[in-house]
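The structure under discussion appears below in the form of structure tokens.
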Amino acid sequence: MKHKTAFITGAAKGIGRATAVALSASGCHVILTDIDQNALDQTKTEIEKSGGKATTYLLDVSNQEQVNTVHQQALKEHQRIDYFVNNAGIGGTLAPIHLMTADNWNNVINVDLNSIFYCLQAQINILLPQGGGNIVNVASLAGKKGVMAGSHYSAAKHGVIGITKSAAIEYGAHNIRVNAICPSFLETDIIQAVPKQILDFVKEHRVPLKRHGKAEEAGETIKWLLSDQSSFVNGHALVMDGGMNAG
Ligand code: NAI
């Protein structure tokens, strides 16, 4: 992956940050985008301290105009972008369907699903004339199952898997691979909204490995999907859940 360039959304913290660190360690120049400038700067500093190269852009993925502008800006400054990781996302406020407000529903659909359409469109338009590249979308195990009080999140993540598969079949012939990852709980900020009893129950009684995952483990999985080591993997939604759904 030496001398490749990778564009990551939601790169300031959690899985996005861990992915940037992993890709940088493999020689990629990383383009870090997020809505949190302070955290972006911290991630950039950390990567540069380890000898890596990073550029940052403020980007709200739910704003289509910003998505297009920042992709064009990044392309202009880097000439070529080989990898894209569409990771930015939110959990939304937990509520059963009969109490869910439309604002809460729309916010999650905008940030977690519409953003993937906006980003993919901008990215495919970069990759087609370039002759190819790889994309990974961060979905969730919630994209394969229903979520109690999280119908907005589950619907959005099911949608992410759907658009991933559609993109894979639309652009495979153009040397563009598109895959997704579907993690169960990983220890990042996003799970702070989940009640501790649920997190503990899942860890003790549902995950055979008896722990939650780490952002770094997702980063390594994403790196593998972007790399040539997974060159025949396309349109896949890779579950990483410590074996929770194996039985
Ligand atoms: P996190 O909360 O640690 O990081 C999310 C990052 O996205 C933050 O840096 C935040 O500033 C950024 N972000 C939020 N809204 C944004 C927007 N509108 N535009 C651009 N950036 C935005 O959470 P985590 O866990 O790293 O989440 C990353 C992705 O992983 C999300 O798509 C999430 O749904 C998914 N995921 C997380 C799991 C977990 O248990 N941590 C499990 C399954 C999927």
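The values are calculated or read from the model by the stated rules, or taken from the named source; none is laboratory data. Since we're looking at a predicted model, the values are computed, not measured. Every residue, glycine among them, receives a Cβ derived from its backbone with ideal geometry; neighbour counts consider all protein chains shown. Only protein heavy atoms, including side chains, enter the accessible area calculation; ligands, DNA and RNA are left aside. Shrake-Rupley method; radii C 1.70, N 1.55, O 1.52, S 1.80 Å.
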Set 165, 214: member being open to solvent by 30 Å² or more (accessible area, probe 1.4 Å) and over 24 Å from residue 127 (Cα atoms): 214
So which residues in segment 188-219 are over 14 Å from residue 241 (Cβ atoms), in contact with a helix residue (DSSP H, G or I) (Cβ under 9 Å, 6 or more places away or on another chain) and among the charged types (D, E, K, R)? 189, 216
If you check residue 174 against the conditions, is it surrounded by 13 or more Cβ atoms within 10 Å (Cβ to Cβ), in contact (Cβ under 8 Å) with a residue 40 or more places away in the chain and farther than 15 Å from residue 91 by Cα? yes
Report yes if residue 50 is among the polar types (S, T, N, Q) and more than 10 Å from the ligand (Cβ to nearest atom), otherwise no. yes
If you check every pair at least six apart or on different chains, which have Cβ atoms under 6 Å apart with a residue in segment 216-238 that is of a type outside the set (Val, Ile, Thr) first and a residue that is open to solvent by less than 20 Å² (accessible area, probe 1.4 Å) and away from the ligand (no atom under 16 Å from the Cβ) second? 224/230; 226/83; 226/134; 234/168; 235/168
Quick one: would you say residue 190 is of a type in the set (Val, Ile, Thr), open to solvent by 10 Å² or more (accessible area, probe 1.4 Å), within 14 Å of the ligand (Cβ to nearest atom) and without any contact (Cβ under 8 Å) to a residue 40 or more places away in the chain? no
If you scan segment 83-116, which residues turn out to be closer than 25 Å to residue 23 by Cβ and not in a loop (DSSP other than H, G, I, E, B)? 83, 84, 85, 86, 111, 112, 113, 115, 116
Do you know which residues across segment 74-112 are open to solvent by 80 Å² or more (accessible area, probe 1.4 Å) and touching a strand residue (DSSP E or B) at 6+ places or on another chain (Cβ under 8 Å)? 77, 80
Subset of segment 118-149 (residues that are within 14 Å of the ligand (Cβ to nearest atom) and either open to solvent by 70 Å² or more (accessible area, probe 1.4 Å) or of a type in the set (Ser, Thr, Tyr) (or both)): 118, 140, 144, 145
Mind checking which residues of segment 16-29 are open to solvent by less than 30 Å² (accessible area, probe 1.4 Å) and within 16 Å of the ligand (Cβ to nearest atom)? 16, 18, 19, 20, 22, 23
Cβ contacts < 8 Å: first residue without any contact (Cβ under 8 Å) to a residue 24 or more places away in the chain, restricted to segment 69-93; second residue of a type in the set (Phe, Trp, Tyr) and within 15 Å of the ligand (Cβ to nearest atom), any location; separation 6+ or different chain. Result? 73/57
Here is a list of conditions, (1) over 21 Å from residue 18 (Cβ atoms); (2) not in a helix (DSSP H, G or I), and residue 200 meets all of them except one; can you say which number that is? (2)
